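Inspection log for the structure reproduced underneath, given as structure tokens.
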Amino acid sequence: MSTPPQAPSAAPFGFKQAVRALNLTADLLEVLGADSFRAQAYRGAARSLEAQSAAQVSWESLREAHFQGVPKVGTALVSALQEADQTGRFGPLQEALAELPPSLLELLEVRGLGPKKVRALWLAGIDSLELLRQGLDSGAVAGIKGFGTKTAATLQGAVAFALSAKERMRLSSALDLSAQLIRLLHTAHLSFAPVLSGDAARGLETAGSAEVVLSLTAHTPAQVAAALPWPVTTNGPTLRGEHEGLRFALHAVAPEQRGAAEVWFASPPHYRAQLQAQAEQVGLALSEGGLVRGAELLITPTQSDFWAALRQAERPAEYREAEHDGLWPALPHASELIQVSDILGFIHTHSTYSDGAASLSDMARAAAQQGQGCYLGIADHSQAAHYAHGLTPERLRTQLREVAELRRAGLNILAGSEVDILEDGRLDFDDDLLADLDYVVASVHSHFGLSQAAQTERLVRAVSHPLITVLGHPTGRLLLRRAGYDLDLNAVLHACAAHATAVEINANPQRLDLDWRWALAWRGKVKFAINTDAHTTGGLSDIRYGVLTARKAGLTPSDIINTLSQGEFLAFIAEQRQARRSSSSRASAGGL
Ligand SMILES: [Zn+2]
Ligand SMILES: [Zn+2]
């Protein structure tokens, strides 16, 4: 029985969505030139809801109480919030959106552009990123009141970043959309053997489109097109379309060409050219249609057949970028690369103690469900991260007692912290408290704008701390949103190597930080931790994005500290701390 594709249910609505909708409404009202009092009212309500969330009030209880007693949320807002809670659509935001050209929203995404500047641009006829780029190039923007040459110069970089971001999607989006396409075709009872392709198949952090190679036996590309609810254009074996602003491509090939197609469509252009040259050397010609010798199409049902025809060693798709730089012969065989099942410790996670959505015990149970021997390491925020309800020393002590209780109840759980790195590189808790934790993740969450020298010094000091275990999200980048802070990353990684501080590969698909290029360059010199930074139980499955990133860097289980069992992990920390104590006493004995 075939079931039609399900209409997406309304997105869940809660504090995060409400605060976002209220703030965006305020921004758009300012862009529209509305009375500033109206915009302030929405911002006030947003802050008030944030305060409720910070006070651990649940969204459900507020909803049931019709938001009574929430400061700054008046009658009109209550009904708009209730409607949004049902439908996922916040009325005042929809009204404001209807009055603006949709492309104007792109401008609010540009770093350095607030609502007032966006309004000024709009009044000057600039209502899209592309027009802004042109206006910056021509010097027109520098002439708009409130801009000037200096602002225009800083905007240039931010606009280039935003424009390139528009062309890409996150790895997770590409994987999700690919999975959705495959589900749709399954629902339509097509027979095909899907294989992930494109940039995502190489584990690249962003992708130009979501791509799948389909090997069709009983169906035609036209039947594939008919099975999709979205329009597609056909070019050769490829069907292309777009869904919710994300591009996709389905490559429909015959089973005999499948191996060649899998390699071809999962290769970047420079690599395809290299493959074509290698094919020529052995008297073959390669194109998207497959491998041919003269007029004869070579049968390559598997990738192994393809590599054999080319007389080349088989190698993983993840290495295609590194291969271009000549690095790959030194990298491990595909079978040695890290896999999701190798990860045992989920050591950078959050609970309701700080800004997580699940309780400590629920997080621990969810970690245990990830596989045999898996354990949770809780690393809630520290006090300086007040926006994330960071823990005071007293609350961390309370958490430590709960961890001990849960451990007695049989849960595999370790007590850590994601300690803020303060502006001067000190950590946010006293050493006595840090020493009572099983391990310490230290991260930057503030002062992103320091000079390169100051930022580098700050991080070098932090990673040299005798009690740090892992440097969290080392560069602070948010993919397609912001570059990392200005930093001499080599100097920081040198310090990590010198002090045996592990470096995080943050698996949150918005971060994937440390970038695989740096992990590849520092492979063998530092140890890594692949961390989900999960704020929900579901967030633990983000581990796969971090693992893809690590594979791209050629990392094996022995490079990664959270492949250790709970006991081995604790022994590792003890050794790390002991080694630092003896090296610092040697240093002081030597009068250094
Ligand atoms: Zn963090
Ligand atoms: Zn975190």
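Residue by residue through the range 381-390, note down the ones that are more than 20 Å from L471 (Cβ to Cβ) and either out of contact with any helix residue (DSSP H, G or I) (no Cβ under 6 Å at 6 or more places or on another chain) or among the acidic types (D, E) (or both). Passing the criteria: H386, Y387.
Every test in (1) within 14 Å of ligand 2 (Cβ to nearest atom); (2) farther than 22 Å from A388 by Cα is passed by E504 save one, and that test is (2). Determine whether the range 553-564 contains at least one residue that is charged (D, E, K, R) and in contact (Cβ under 8 Å) with a residue 12 or more places away in the chain. Yes, that holds for at least one residue. Go through (1) within 16 Å of ligand 1 (Cβ to nearest atom); (2) in contact with an Asp or Glu (Cβ under 6 Å, 6 or more places away or on another chain) and name the single condition T456 misses. Result: T456 passes all but (1).
Of Q566, Q510, all but one fail to be within 16 Å of ligand 1 (Cβ to nearest atom), open to solvent by 20 Å² or more (accessible area, probe 1.4 Å) and not small (G, A, S); the exception is Q510. Of all the criteria given as (1) surrounded by 20 or more Cβ atoms within 10 Å (Cβ to Cβ); (2) in a loop (DSSP other than H, G, I, E, B); (3) touching a residue at least 24 places away in the same chain (Cβ under 8 Å), the one not satisfied by R111 is (1). With respect to the conditions (1) under 16 Å from the mean Cα position of the chain (by Cα); (2) within 16 Å of ligand 1 (Cβ to nearest atom); (3) among the basic types (K, R), K552 falls short on a single one, namely (2). Kindly establish whether F572 is of a type in the set (F, W, Y), away from ligand 2 (no atom under 16 Å from the Cβ) and surrounded by fewer than 23 Cβ atoms within 10 Å (Cβ to Cβ). Yes. Taking the range 366-422 as the range and being touching a Gly at 6+ places or on another chain (Cβ under 7 Å) and either more than 15 Å from ligand 2 (Cβ to nearest atom) or not assigned by TED's automatic domain parsing to the domain that holds I561 (or both) as the test, the residues that pass are Y375, L414.
Listed here are the residues, each with its yes/no results for (1) away from ligand 1 (no atom under 13 Å from the Cβ); (2) out of contact with any strand residue (DSSP E or B) (no Cβ under 6 Å at 6 or more places or on another chain).
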residue	(1), (2)
T392	yes, yes
R397	yes, yes
L400	yes, no
G410	yes, yes
A415	yes, yes
D420	no, no
D428	no, no
G449	yes, yes
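Selection of the range 87-107 for residues being open to solvent by less than 70 Å² (accessible area, probe 1.4 Å) and either in the same structural domain as S354 (by TED's automatic domain parsing) or assigned to a loop (DSSP other than H, G, I, E, B) (or both) yields G88, F90, L100, P101, S103.
For residues that are under 17 Å from S341 (Cα atoms) and surrounded by fewer than 23 Cβ atoms within 10 Å (Cβ to Cβ), scanning just the range 523-539, find the one that is nearest to ligand 2 (Cβ to nearest atom). Among those that are under 17 Å from S341 (Cα atoms) and surrounded by fewer than 23 Cβ atoms within 10 Å (Cβ to Cβ), it is G539.
Residues that are in contact (Cβ under 8 Å) with a residue 40 or more places away in the chain, at least 1 per element: which strands (runs of 3 or more DSSP E) completely within the range 145-238 meet that?
The qualifying strands (runs of 3 or more DSSP E) are 195-197, 210-215.
For the range 444-499, the tally of residues that are within 16 Å of ligand 2 (Cβ to nearest atom), among the basic types (K, R) and farther than 27 Å from R170 by Cβ stands at 0.
Residue count for the range 352-390 under the criterion of being more than 13 Å from I413 (Cα to Cα) and within 16 Å of ligand 1 (Cβ to nearest atom): the result is 16.
For the range 283-300, filtering for residues that are of a type outside the set (S, T, N, Q) and open to solvent by 30 Å² or more (accessible area, probe 1.4 Å) leaves 11. Residues of the range 69-86 that are touching a helix residue (DSSP H, G or I) at 6+ places or on another chain (Cβ under 8 Å), open to solvent by 50 Å² or more (accessible area, probe 1.4 Å) and not in a helix (DSSP H, G or I): P71, K72. Scanning the range 177-217 for residues that are of a type in the set (D, E, K, R) and surrounded by fewer than 16 Cβ atoms within 10 Å (Cβ to Cβ) yields a single hit, R183.
Inspect the range 358-368 for any residue being over 25 Å from the mean Cα position of the chain (by Cα), open to solvent by 50 Å² or more (accessible area, probe 1.4 Å) and not charged (D, E, K, R) and give the result as yes or no. Can you show your working first?
Filtering the range 358-368 for residues over 25 Å from the mean Cα position of the chain (by Cα) gives 361.
Remaining after also requiring open to solvent by 50 Å² or more (accessible area, probe 1.4 Å): none.
No, because not a single residue in the range 358-368 is over 25 Å from the mean Cα position of the chain (by Cα), open to solvent by 50 Å² or more (accessible area, probe 1.4 Å) and not charged (D, E, K, R).
Each residue in the range 6-60 was checked for being more than 30 Å from K116 (Cα to Cα), of a type outside the set (A, V, I, L, M), at pLDDT below 90 and surrounded by 14 or more Cβ atoms within 10 Å (Cβ to Cβ), and 0 of them qualify.
In the set (1) under 30 Å from K166 (Cβ atoms); (2) in contact with a helix residue (DSSP H, G or I) (Cβ under 9 Å, 6 or more places away or on another chain); (3) buried (at least 20 other Cβ atoms within 10 Å of the Cβ), the condition left unmet by R477 is number (2). Within the range 531-546, residues that are among the aliphatic types (A, V, I, L, M) reach partners that are modelled with pLDDT of 95 or more and within 10 Å of ligand 2 (Cβ to nearest atom) with beta carbons closer than 6 Å, at six or more positions or on different chains, in the pairs A534/T349; L540/T532; L540/A534; I543/T532.
The values are calculated or read from the model by the stated rules, or taken from the named source; none is laboratory data. Keep in mind that this is a model prediction, so the values were computed, not measured. In this analysis, Cβ positions are derived from the backbone assuming ideal geometry, glycine residues included, and neighbour counts consider all displayed protein chains. In case anyone asks, the SASA skips ligands and DNA or RNA and just uses the protein heavy atoms, side chains included. Shrake-Rupley method; radii C 1.70, N 1.55, O 1.52, S 1.80 Å.
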